[in-house]
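The values are calculated or read from the model by the stated rules, or taken from the named source; none is laboratory data. It should be emphasised that the depicted structure is a prediction, and the values quoted were computed from it without experimental measurement. Please note: Cβ atoms are built from the backbone with ideal geometry, for glycine as well, and neighbour counts cover all protein chains shown. Heads up: the accessible areas ignore ligands, DNA and RNA and are worked out on the full protein's heavy atoms, side chains in. Shrake-Rupley method; radii C 1.70, N 1.55, O 1.52, S 1.80 Å.
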Amino acid sequence: MSDKKHGHVHHSRSTRDILSAEKVLSTAGLKSGDNFLDAGCGDGFISITASSIVGDNGKVHAVDVYPESIEKVKEEISKKGIENMEAIVVDLTSKIPVDDDSIDLCVMANVLHGFVENDEVREVMAEISRVIKPDGVFAVVEFKKIEGPPGPPFKVRVNPQDVEDIVSRYGFEVAETAGVGKYHYLVKSFKKT
Ligand SMILES: C[S@@+](CC[C@H](N)C(=O)[O-])C[C@H]1O[C@@H](n2cnc3c(N)ncnc32)[C@H](O)[C@@H]1O
């Protein structure tokens, strides 16, 4: 899909087949009872796995700007009878409809490079920082900066140092950068108190 509101064409192809949701969520440290945000969820495959980890006392917010993706996620939620998850159309560059300091863990998978390309990092990071709890986790997953396919063109990929610099600028402390599968890495950070 092309996100017409923005200069960069965010690639909407799911990474479901090449990225393990379990690996992402275990590396990020998702726990039972967590309030989880999937920022730019696409087809929601990470959120679906997250919903079984957070359980009945937790909650999953799957958000994406692309209404067709959110419709599909909603269909999967109802087909699978998932009760602790909601899917909402949200533009991360404006307002995320969740309370301040309410999210235990936010994953942003294969999305941040598009905001870098569009010069929208400031708006998005202000919202991400608003909604995550002090000491809560922000986990950014990106394609390694190597030639594809799969993944976006080499020139728009960001390397771990770029991601670490961005999160550090917006009030997060980097805890760990780790490979997750063949094509991706994850930068885990905590919101400073
Ligand atoms: C490459 S896909 C990644 C989807 C999923 N996280 C994954 O890893 O499979 C990028 C996603 O970011 C979403 N996106 C782009 N700009 C956005 C914005 N401003 N607000 C919310 N979502 C956005 C796109 O609609 C798309 O679903």
Query - Normalised alpha carbon radius of gyration of the chain [divisor 2.2 N^0.38 Å] - result: 0.93
Query - Exposure rank, largest accessible area first [123, 76, 142; 1.4 Å] - result: 123, 76, 142
Query raised in the report: Going down the list 23/80; 31/80; 133/182, which pairs span over 24 Å between their C-alpha atoms?
Result: 133/182
Query raised in the report: Any idea which of 97, 70, 167 is furthest toward the positive side of the dipole for the range 21-191, if Lys and Arg beta-carbons carry +1 and Asp and Glu beta-carbons -1?
Result: 167
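Based solely on its DSSP helices, what 222 nm [θ] is calculated for the chain when runs of n ≥ 4 H residues each add -39,500 (n - 2.57) and the sum is averaged over all residues, nearest 500 deg cm²/dmol?
-9000 deg cm²/dmol
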Query raised in the report: Taking amide hydrogens as modeled 1.01 Å from N in the peptide plane, which residues meet the under 5 Å criterion relative to residue 35, leaving out close sequence neighbours?
Result: 59, 104, 105
Report summary line: The computed P(r) of the range 88-193 puts the percent of Cα pairs beyond 20 Å at 36
Query raised in the report: With charges set only on the Cβ (+1 for Lys and Arg, -1 for Asp and Glu), what does the dipole of the range 48-168 come to about its Cα centre, in debye to the nearest 20?
Result: 340
Query - Candidate aspartates and glutamates - alpha carbon under 18 Å from residue 72, same-chain residues fewer than 8 apart omitted - result: 3, 17, 38, 43, 64, 83, 86, 91
**Report entry** Protein accessible area in the chain, 1.4 Å probe - carbon and sulfur %
**Finding:** 48
Report task. Over the range 21-191, average the accessible area per residue using a 1.4 Å probe and give it in Å², no decimals. Result -> 43
Query raised in the report: Counting DSSP beta bridges with both partners in the chain, what percentage is antiparallel, nearest 5?
Result: 45
